[in-house]
Amino acid sequence: VQLVESGGELVQPGGSLRLSCVASGFVLSRFWMHWVRQAPGKEPVWVSRISSDGRNIIYADSVKGRFTISRDDATNTLHLQMNSLRAEDTAMYYCARDVTVSGPSTFDHWGRGTLVTVSS
Amino acid sequence: DIQMTQSPSTLSASVGDRVTITCRAAQSISRWLAWYQQKPGKAPNLLIYEASILQAGVPSRFSGSGSGTEFTLTISSLQPDDFATYYCQHYNGYWTFGQGTKVEVK
């Protein structure tokens, strides 16, 4: 199992970025997937989750209305479109695979992350 | 969201020590708790889920216990590779992490 994120960079406040996460070693379409972020020196914070069929999507309140999660199972890729970026969005962004069992589940594999810096 | 509080924030220990980290939930979370290990510059790594189930490939010196509001992660004999930061995480349709416990060399 491998997850490789990309797309992070320095962006000005109010700007946009699109993060990608390419999955390999497993069938992406069978798994629910997440984005999690971690500001320097802080604990991880969950951002968004998408179901295996793409129909069930939820967001943390802090990004609702600004971020959009999506998936392209044909290319084994998870995306996070981030708009109206703020300084407090500065963090390492990880994609993570959900254990995807019946009932509550957590993350069993994470990517290495891509760094998003929002600053003027 | 349910707040998760870990203690201590920093723990100084030596190789071979028995180490215990505590995580408290602001209200009962049954057994929906995971523990992660994170090393500098790396992503978190799942150690334990459902409070006490060891993730595949994780050494047996790691164990978890608890239910309701109080949980513990125990390392029975600390190894050099175990110096890291540990996070508890509640999961039940949303996912909340504790603030972390850094295990450092005494």
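Each reported figure results from applying straightforward, stated rules to the coordinates on display, with no laboratory input. This is a predicted model, so every value here is computed, not measured. We place every Cβ from the backbone using ideal geometry, glycine too, and count neighbours over all the protein chains shown.
Most fluctuating residue of B:Ser14, B:Ser52, B:Ser63 in a GNM of chain B with Cα springs under 10 Å: which is it?
B:Ser14
Most fluctuating residue of A:Thr77, A:Thr106, A:Thr68 in a GNM of chain A with Cα springs under 10 Å: which is it?
A:Thr106
Just counting partner chain Cβ atoms within 10 Å, what average do the residues of peptide B:87-98 show around their Cβ? Don't jump to the answer; show the numbers that get you there.
Values: counts 3, 1, 6, 2, 7, 4, 5, 5, 14, 4, 7, 2.
Per-residue shielding by partner chains comes out at 5.
Let me know the charge dipole size of the protein assembly as shown about its Cα centre in debye, to the nearest 20, where only the beta-carbon of Lys, Arg (+1) and Asp, Glu (-1) is charged. Please report the intermediate quantities before stating the final value.
On the way: 20 positive and 18 negative charges, 12 e Å.
Its charge dipole is roughly 60 debye.
I want the antiparallel fraction of DSSP beta bridges within the range A:2-109, as a percent rounded to 5.
Here the antiparallel bridges make up roughly 100 percent for the range A:2-109.
Using the 2.2 N^0.38 Å rule of thumb for compact globular proteins, work out how the protein assembly as shown stacks up: its C-alpha Rg over that value, please.
On the way: Rg = 17.4 Å, N = 226, 2.2 N^0.38 = 17.3 Å.
Cα Rg divided by the expected 2.2 N^0.38 Å: 1.01.
To the nearest 20 debye, what charge dipole does the range B:1-101 have about its Cα centre, counting +1 at the Cβ of each Lys and Arg and -1 at the Cβ of each Asp and Glu?
Its charge dipole is roughly 60 debye.
Could you give the dipole magnitude of the range A:24-120 about its Cα centre, charging the beta-carbon of Lys and Arg +1 and that of Asp and Glu -1, in debye to the nearest 20?
Computed charge dipole of the range A:24-120: roughly 80 debye.
Quick check on chain B: of the DSSP beta bridges with both residues there, what percent are antiparallel, nearest 5%? Write out the running numbers ahead of the final one.
Values: 32 of 36 bridges.
Rounded to the nearest five, the antiparallel share is 90 percent.
Could you calculate the FRET efficiency of A:Ile57 with B:Ser60 from 1/(1 + (r/R0)^6), where r is the beta carbon distance between them and R0 is 30 Å, rounded to 0.05? Spell out each step's value before the answer.
Details: r = 38 Å, r/R0 = 1.26.
The pair A:Ile57/B:Ser60 has a calculated efficiency of 0.20.
So what are the ³J(HN,Hα) numbers for the range B:23-39, from phi and the Karplus equation (6.51, -1.76, 1.60; θ = phi - 60°), rounded to whole Hz, Gly and Pro as x?
Running phi through 6.51 cos²θ - 1.76 cosθ + 1.60 with θ = phi - 60° gives 10, 10, 9, 5, 8, 4, 10, 6, 10, 7, 9, 10, 10, 10, 10, 10, 9 Hz.
Given the options B:Tyr94, B:Tyr36, B:Tyr49, which has the most mean-square fluctuation in a GNM of chain B, springs set between C-alpha atoms less than 10 angstrom apart?
So, out of B:Tyr94, B:Tyr36, B:Tyr49, the one fluctuating most is B:Tyr94.
Rounded if a/c is under 1.5, else prolate if a/b is larger than b/c, else oblate: which is chain B, with a ≥ b ≥ c the root eigenvalues of its Cα gyration tensor?
Because a/c hits 1.5 or more and a/b exceeds b/c, chain B counts as prolate.
Shielding of A:101-111 by partners, i.e. mean partner chain Cβ atoms within 10 Å per residue?
Per residue, the average neighbour count from other chains is 6.
Rg to Rh ratio, chain A, alpha-carbon atoms and Kirkwood radius?
Values: Rg = 13.5 Å, Rh = 14.2 Å.
Ratio of gyration radius to Kirkwood radius for chain A: 0.95.
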